[in-house]
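To start, the structure itself, in structure tokens.
Derivation of every value follows stated rules applied to the coordinates shown; laboratory data play no part. All of these numbers come straight from a predicted model, not from anything done at the bench. Here the Cβ positions follow ideal geometry from the backbone for every residue, glycine too, while neighbour counts run over all protein chains shown.
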Amino acid sequence: MKVKSGEWKGRQLDELGFVGRGKSRHRPRAASFLYGGPYPFFQTGDVKAANLYLTDFTQTYSAAGLAQSKLWKPGTVCITIAANIAETAILGVEGCFPDSIVGFVADPEKADARFVKYSIDAMKLQMQGVSHGTTQDNLSVDKLLRFKFLTPTPRDQRRIADVLSAYDDLIENNLRRIKILEEMARALYREWFVEFRFRGHDRVPRITSPIGAIPESWPVTPLSELVSTQYGYTESASEEPVGPKYLRGMDINKTSFIDWSRVPYCPIAVEEQRTYELKRGDVVVIRMADPGKVGIVEEDVDAVFASYLIRLTPRSERILPYFLFFTLDSTDYQDYVSGASTGTTRKSASAGVMTEFRLPLPPKELVLGFEEQVRPLRDLLTMLLRASANLRRTRDLLLPRLMSGQITLDEAVA
């Protein structure tokens, strides 16, 4: 396809389809009866964490929640206008979202939803630039509708979107493989250390303990006796490479892995960097907003961790990184932190509370065996993350040139 830039027309978003804000009218929004039902409720963090299609969510609405919201159809382009500005994803399933997200439904005679999503991605920095406020950044629908998108014919939009989405399809395939690897490791942890069906378990009798029936000779031990703790560094994140990577809660609260290609940077003095620098095998836990969510550093990286995180460092040879990580990732630990956290609107937990959790401590050789089984799975997961980051970089280099008509499809696929 050879399209001259003059053949592209500038159109506002509402000229290409329907534009509307999400709905979440009930106050307080945290009312428990609104949640826990069958209707997916997507939030700005879910949009940011998604790739091309939005299918994963951490919250659902009940019938009461749906009644004060709106159910959007698959194919809707979700655009964040608060908290995370100008992040986009296309609904892969029916779902609701709040008024911090704008929904765009393409008119098929005028626009391709994928093309519009990529157009917004190409203009993200401009949109973020007009969103700065005194208290909180906000894009607003009015500001969004001031932007004009260069658009060729719908047929050519689809062909351009096909090229760009080919990269996203490969990334989505990697993400599916990553989810399988995540679940394999979690399943092994549950089998050995929750259900106690480890190798040779039939030869180890169970005994009664304060936390239930556990294998004999597995002492119930507070986490505080096994790890030391450290709070992170306070600074503002920057998309510009002004220093090391700056790991925050939002970088670990949606997945069991860290996608370093999406982690921002921060300025920090050399002396302080030594105090807060992360190394392979470090385990960090969120202490505010999403207390208890956990991440593990699985590759060598120049990075420090933020003040809303706590680093847990094993000080017992019976605790190894992956065993510690999956213990904190377990349902038992997450339920414990949820119950122990304080605050009505913004939950939090101190390092002391985080480490009051008691666990049955397995023999050293079993923990070592678990590490040996899990490490190859997580190494493959890390390799897939790197491959996806490379695909994303290639797509993002191509994106602005294709979306502006600077290069043709023939040149893009050459």
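Annotations
- On the beta carbon distance between residue 128 and residue 224, with R0 = 45 Å, the FRET formula returns roughly 0.60.
- For the range 147-184 versus the range 260-284, the spacing of their alpha-carbon centroids is 31 Å.
- Angle in degrees between helix 154-189 and the longest Cα principal axis of the chain, rounded to the nearest 10: 10
- Anchor residue 347: lysines whose Cα lies under 27 Å away (excluding residues fewer than 8 positions away in-chain): 23, 48, 245, 254, 293
- Eligible aspartates and glutamates near residue 117 by straight Cα distance, threshold 17 Å, same-chain separation 8 or greater: 14, 15, 46, 87, 107, 109, 156, 162, 168, 169, 172, 396
- Cα centroid separation - the range 77-110 against the range 208-252, whole Å: 34
- For 211, 296, 286, the sequence from fewest to most other C-beta atoms within 10 Å is 211, 296, 286.
- Computed about its Cα centre, the charge dipole of the chain is approximately 860 debye, with only Lys, Arg, Asp and Glu carrying charge at their Cβ.
- Among 208, 406, 95 the positive-end extreme of the charge dipole of the chain (Cβ point charges): 95
- Dimensionless Rg ratio for the range 9-152, taking C-alpha atoms and the 2.2 N^0.38 Å reference: 1.02
- Cα-based Rg and Dmax for the chain, where Dmax is the largest Cα-Cα distance (Å): 23.7, 79
- Basic side chains Lys and Arg get +1 at the Cβ, acidic Asp and Glu get -1 at the Cβ, and with that the dipole of the range 9-152 about its Cα centre reaches some 260 debye.
- Loop-resident sites, the range 290-361, for trypsin sites (Lys or Arg not before Pro), counting at most 16 other Cβ within 10 Å (DSSP): 315, 346
- Normalising the Debye intensity of the range 1-90 to I(0), with uniform scatterers on Cα atoms only, and taking log10 at q = 0.13, 0.18 Å⁻¹ returns -0.54, -0.89.
- Point-charge dipole on Cβ atoms (K/R +1, D/E -1) for the range 311-414, about Cα centre, debye to 20: 340
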